[in-house]
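To keep things clear, I will list the structure first and then write my remarks on it.
The values are calculated or read from the model by the stated rules, or taken from the named source; none is laboratory data. Keep in mind that what you see is a predicted model, and the values were worked out from it rather than measured. Glycine also receives a Cβ, built like all others from the backbone with ideal geometry; neighbour counts cover every protein chain displayed. Calculation scope for accessible area: heavy atoms of the full protein, side chains included, ligands and nucleic acids excluded. Shrake-Rupley method; radii C 1.70, N 1.55, O 1.52, S 1.80 Å.
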Amino acid sequence: MQSCNRYDLAEEQIKAFTRSSVRAKVFLCLKDGPKTVRYIEKAIGIRTSTILHSVKEMIEAGLIKRTSDGYRLTNIGEIQAVLLDDLVSCIVALDEHKDFWQSHDISCIPIHLRKKIGMLTDSEVFKDGPVTVLSTQEFFISELKKAKRIYGVSPIIAPGYAESIAFAVENGSQVDLIITGKIFNIIIKESKESLIHLLASKGFRLYCLEEELTVAFTVTDRILSLGLFRQDGRYDVTSDLNCRGEKALLWGRELFDYYLHRSKPISSISD
């Protein structure tokens, strides 16, 4: 059955979320555990009588049950609440930086992580200004130098990036870096000795990915810095999406692991 036809089976319950903000807010309020009516009233700012009306409907639908601790989601209610929370977070994250997501190629972000874009709500787009050229790159480099743990994926060569990685490794940071085959060949041709020196360091691991990429990103213990190619196939050096918070770092690590499983480790290079 196609997705468009499956909608008919779910239409009534989907509309129940969208037509009642009270119902949706009660769902989200109960997502992390049972709550009393007094707590819900204070959390969502809606009077008790209105809340109880929605709660009654949700009990009848098998989504909520009353316990000694207050009102709690049923098993089905818990699953629906998680999905609703993900959807709300996704819409908020996309809407906040609509231009960034619309103007770039997102094909290298796998479907399962596009579904989790809501994990990037604590974020801001850094853009170069007319008189602050390379300010985005300068911020990124400064973050690299502060990091104790670095995971990077790069299909490009950016000014100062290699030097910052070397600086981080020399100062005790652990760095895992994935580069494309094209970038690896350029580095071998232009900076072979430096790469050999890095590979001899305990804190550095290098991987090579033999495929084209339209995403460049770095995850540290502080920040996820996400860069994308434009729709015309050129990398956008003028803007990055910088994300903070545990969820954003987890999203970044999942994206790194996705590419790590497709890469081959490089432990040494012959002279």
Working only within the range 45-89, note down all residues that are under 27 Å from the mean Cα position of the chain (by Cα) and farther than 19 Å from residue 13 by Cα. 89
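For (1) within 16 Å of residue 163 (Cα to Cα); (2) modelled with pLDDT under 95, each residue gets a yes or a no:
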site: 183; (1), (2): yes, yes
site: 192; (1), (2): yes, yes
site: 207; (1), (2): no, no
site: 239; (1), (2): no, yes
site: 256; (1), (2): no, no
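To keep it simple, each residue is scored yes or no on (1) surrounded by 15 or more Cβ atoms within 10 Å (Cβ to Cβ); (2) over 21 Å from residue 237 (Cβ atoms); (3) in contact with a Gly (Cβ under 6 Å, 6 or more places away or on another chain).
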| site | (1), (2), (3) |
| --- | --- |
| 157 | no, no, no |
| 162 | yes, no, no |
| 169 | yes, yes, yes |
| 172 | no, yes, no |
| 176 | yes, yes, no |
| 181 | no, yes, no |
| 184 | yes, no, no |
| 189 | no, yes, no |
| 192 | no, yes, no |
Counting only residues that are touching a residue at least 60 places away in the same chain (Cβ under 8 Å) and either outside any helix (DSSP H, G or I) or under 14 Å from residue 28 (Cβ atoms) (or both), the range 80-105 contains a total of 7
Residues satisfying the stated conditions in the range 132-155, i.e. open to solvent by 70 Å² or more (accessible area, probe 1.4 Å) and in contact with a helix residue (DSSP H, G or I) (Cβ under 7 Å, 6 or more places away or on another chain): 145
Would you tally the residues in the range 42-51 being part of a helix (DSSP H, G or I) and open to solvent by less than 70 Å² (accessible area, probe 1.4 Å)? 5
Free of Cβ contacts under 8 Å to residues at least 60 places away in the same chain and not in a helix (DSSP H, G or I) - does that describe any residue in the range 3-18? no
With respect to residue 253, is the statement that it is surrounded by 14 or more Cβ atoms within 10 Å (Cβ to Cβ) and among the charged types (D, E, K, R) true? yes
Top-ranked residue of the range 19-33 - restricted to ones that are open to solvent by less than 40 Å² (accessible area, probe 1.4 Å) and assigned to a loop (DSSP other than H, G, I, E, B), ranked as farthest from residue 66 (Cα to Cα): 20
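Yes or no, residue by residue, for (1) part of a helix (DSSP H, G or I); (2) surrounded by 14 or more Cβ atoms within 10 Å (Cβ to Cβ); (3) among the polar types (S, T, N, Q):
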site	(1), (2), (3)
40	yes, yes, no
54	yes, yes, yes
62	no, no, no
71	no, yes, no
78	yes, yes, no
What is the one condition in (1) open to solvent by 20 Å² or more (accessible area, probe 1.4 Å); (2) over 30 Å from residue 238 (Cβ atoms); (3) part of a helix (DSSP H, G or I) that residue 66 does not satisfy? (3)
Do we have any residue at all in the range 118-126 that's of a type outside the set (Ser, Thr, Tyr), open to solvent by 60 Å² or more (accessible area, probe 1.4 Å) and under 20 Å from the mean Cα position of the chain (by Cα)? yes
In the range 212-271, residue nearest to the chain's Cα centre (by Cα) [restricted to those that are among the polar types (S, T, N, Q) and assigned to a loop (DSSP other than H, G, I, E, B)]: 214
Could you tell me whether residue 107 is within 26 Å of residue 181 (Cα to Cα) and either in contact with a Leu (Cβ under 7 Å, 6 or more places away or on another chain) or surrounded by 15 or more Cβ atoms within 10 Å (Cβ to Cβ) (or both)? no
